Amino acid sequence: MRYAPILSTSLLLCATLAAFSPSAGWAGAAEPPGSGSHANDLPDIGTPADQIFTAGEEYSIGSSIVRQLRDSGEILEDPELTDYIQQLGQRLAVQAHEGNLKFHFFIMKDTDLNAFALPGGFIGINAGLVTSTANESELAGVLAHEISHVTQRHLARSIAAQTKNATMTTLGMLAAVLIGVAAGGGGDAVQGAVAVSQGVAAQQRLNYSRANEAEADRVGMGVLASAGYDPNGMATFFETMGRQTTLGASRIPEFLLTHPVTTNRIAEAKDRAQQYSTVRPVDSMGYQLARERVRVLSTPDGRDAREPYADAVAGQDVPLPAARRYGRAIATTAAGDPAAAIAALRELRTAHPEVIPYHTALAEAYLKAGETPAARRTLSEAMTLFPRNVAVTVLYGDTLLRSNEPAEAHRVLLDLFNNVPATPLQIRLLAQAASGQGDAPEANYYAAEYLLAVGDLNRAINQLNRALATASISELQTARFTARREELKEFLTPKLQGYVDRGEPLPEPEYGDARGR
């Protein structure tokens, strides 16, 4: 049985981190430059947080958690949705004045209403939350709130407020509770949660978490308004959250409920919104289509993706909005009837050739219908209209591979790789294209880059070693791969660097011993 409540952002994070040593970090990903200075109007968080985690360690921990989520299939991997949520998030993040900190946004498949912030700028948002928003300002308000958890370094600050040993004991208990809940566990997990809720340390942590929530509301609303969104979006979505919490049955103790929504919190958000200029932004087409795409792609197994569109039938007196027509069409494709979706998608593309998702959705329908040449033509035209668009190029590369054209797939994907920040999916396809050409060294090299993109530094270096051991490797490739290995080696501990120097395979990091100590 799944549990529907929203888990507190900081508590969910801390439970996830229970397996990590605060000072250990992870060797699973390279560490970025330290974050920059805060805006003048933000509170001084002082040095205690830095004594718990450095900025680089926060990034390593966050990237490692994302890697686990991706490996377990929890992240909704879709080029269009990734592109949309990244653009929306970055528009907000630049208003946070956080210097060199780089944010990463991703959508979870989970249909529960939730969002969370991980150390190092990783922001996760559930599919269920996206589809529950009424407008783009509400969605932006949630992201602004989570961004503020990161910029204010709430995890490190809350840990610094307690002794390290007491904190890790509490986190370990919380982790056991959440793991039991996530696995559908019953009495043991709930009894454990009740026991923790009775502890003084847990109560102190709850109080601190609520203070974090209030600060994230305040700072986040400033970010939201500065980015040009309606600051009222935060308050109206709080009301939505309140209704969801009231209607949803929960067996998880109160202190693990996320973002506890009270009438006071809603009122404070409304009052605070009045301090900003009135803004009535029009929802972008990107938001409208992304919400429908999330709805379809997050359909639980065994459910018909067309169910939410039962009212979207032909012959109505009032024409359906374009986003609803798009949603119904991709739901029809997902439900196994792509032929029925092709006509609607062609009509949408003809009427609005500037909308990228209409091109890619039509190509996907063609592919699902077994009409690969038609999909190739559709995407070739889209490549002309939208050169180096990630969603178009990745789908085109995949289609070229299906058409047994690995050389052309390699060309277009490599051009994207060299000019646009790479996603794991496009790198994986690039590795497949190189393999299809019979270029084993390059295939191994891109496989290493894929592992690095998903946060697995140790295995990435091991993969580079395999590339260097390939019999057909050229002198130029040897130089490139060796230089890349040396570059990545700098992010390892001295002990692990010794493995590389001796030509030994790196061990995979283990929880609690992340840097191979």
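A quick yes/no check of all residues on (1) surrounded by 19 or more Cβ atoms within 10 Å (Cβ to Cβ); (2) more than 27 Å from residue 491 (Cβ to Cβ):
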| site | (1), (2) |
| --- | --- |
| 409 | yes, yes |
| 433 | yes, yes |
| 436 | no, yes |
| 458 | yes, no |
| 464 | yes, no |
| 470 | no, no |
| 476 | no, no |
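Only one entry in 409, 471 is in the same structural domain as residue 358 (by TED's automatic domain parsing) and either outside any loop (DSSP other than H, G, I, E, B) or among the acidic types (Asp, Glu) (or both), namely 409.
Kindly check whether there is at least one residue in segment 455-465 that is within 21 Å of residue 389 (Cα to Cα), outside any helix (DSSP H, G or I), in contact (Cβ under 8 Å) with a residue 40 or more places away in the chain and not assigned by TED's automatic domain parsing to the domain that holds residue 67. Within segment 455-465 (the criterion being within 21 Å of residue 389 (Cα to Cα), outside any helix (DSSP H, G or I), in contact (Cβ under 8 Å) with a residue 40 or more places away in the chain and not assigned by TED's automatic domain parsing to the domain that holds residue 67), the answer is no, since none of the residues qualifies.
Note on segment 272-308: among residues that are more than 20 Å from residue 233 (Cβ to Cβ) and of a type in the set (A, V, I, L, M), the one that is surrounded by the fewest Cβ atoms within 10 Å (Cβ to Cβ) is 297. Residues of segment 372-390 that are touching a helix residue (DSSP H, G or I) at 6+ places or on another chain (Cβ under 8 Å) and surrounded by fewer than 22 Cβ atoms within 10 Å (Cβ to Cβ): 372, 374, 376, 380, 381, 383, 385, 386, 388, 389, 390. Inside segment 464-478, residues that are closer than 13 Å to residue 439 by Cα and not aliphatic (A, V, I, L, M) make up a count of 4.
Applying the set (1) modelled with pLDDT of 95 or more; (2) in contact with a Pro (Cβ under 7 Å, 6 or more places away or on another chain) to residue 472 leaves exactly one unmet item: (1). Within segment 478-489, residues that are assigned by TED's automatic domain parsing to the domain that holds residue 459 and under 16 Å from residue 450 (Cα atoms) reach partners that are of a type in the set (Val, Ile, Thr) and in a helix (DSSP H, G or I) with beta carbons closer than 8 Å, at six or more positions or on different chains, in the pairs 485/461; 485/500; 488/461. Within segment 345-359, the residues that satisfy the criterion of being without any contact (Cβ under 8 Å) to a residue 40 or more places away in the chain, assigned to a helix (DSSP H, G or I) and closer than 18 Å to residue 377 by Cα are 345, 346, 347, 348, 349, 350, 358, 359.
Can you find, within segment 347-364, the residue that is surrounded by the fewest Cβ atoms within 10 Å (Cβ to Cβ) among those that are touching a Leu at 6+ places or on another chain (Cβ under 6 Å) and not aromatic (Phe, Trp, Tyr)? Per the criteria, the residue is 349.
For every residue, the table says whether it meets (1) modelled with pLDDT of 85 or more; (2) touching a Lys or Arg at 6+ places or on another chain (Cβ under 6 Å); (3) part of a helix (DSSP H, G or I).
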{"residue": "244", "(1), (2), (3)": "no, no, yes"}
{"residue": "268", "(1), (2), (3)": "no, no, yes"}
{"residue": "312", "(1), (2), (3)": "no, yes, no"}
{"residue": "323", "(1), (2), (3)": "yes, no, yes"}
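Of all the listed residues (498, 503), the sole one being at positive phi, more than 23 Å from the chain's Cα centre (by Cα) and surrounded by fewer than 17 Cβ atoms within 10 Å (Cβ to Cβ) is 503.
Please determine whether any residue of segment 58-77 is of a type in the set (Phe, Trp, Tyr), over 22 Å from residue 356 (Cβ atoms) and touching a strand residue (DSSP E or B) at 6+ places or on another chain (Cβ under 8 Å). No - not one qualifying residue is present in segment 58-77. I'm checking my understanding of the structure. Among residues of segment 420-442 that are in contact (Cβ under 8 Å) with a residue 40 or more places away in the chain and assigned to a helix (DSSP H, G or I), which one is farthest from the chain's Cα centre (by Cα)? The residue in question is 441. If you go through segment 334-345 one residue at a time, do you hit one that is among the small types (Gly, Ala, Ser), buried (at least 22 other Cβ atoms within 10 Å of the Cβ), within 16 Å of residue 290 (Cβ to Cβ) and at pLDDT 95 or above? Checking segment 334-345: not a single residue is among the small types (Gly, Ala, Ser), buried (at least 22 other Cβ atoms within 10 Å of the Cβ), within 16 Å of residue 290 (Cβ to Cβ) and at pLDDT 95 or above.
The values are calculated or read from the model by the stated rules, or taken from the named source; none is laboratory data. Just so we're clear, the structure is a prediction, and the values are computed from it rather than from any experiment. Counting neighbours? That spans all protein chains shown, and the Cβs are built from the backbone with ideal geometry, glycine included.
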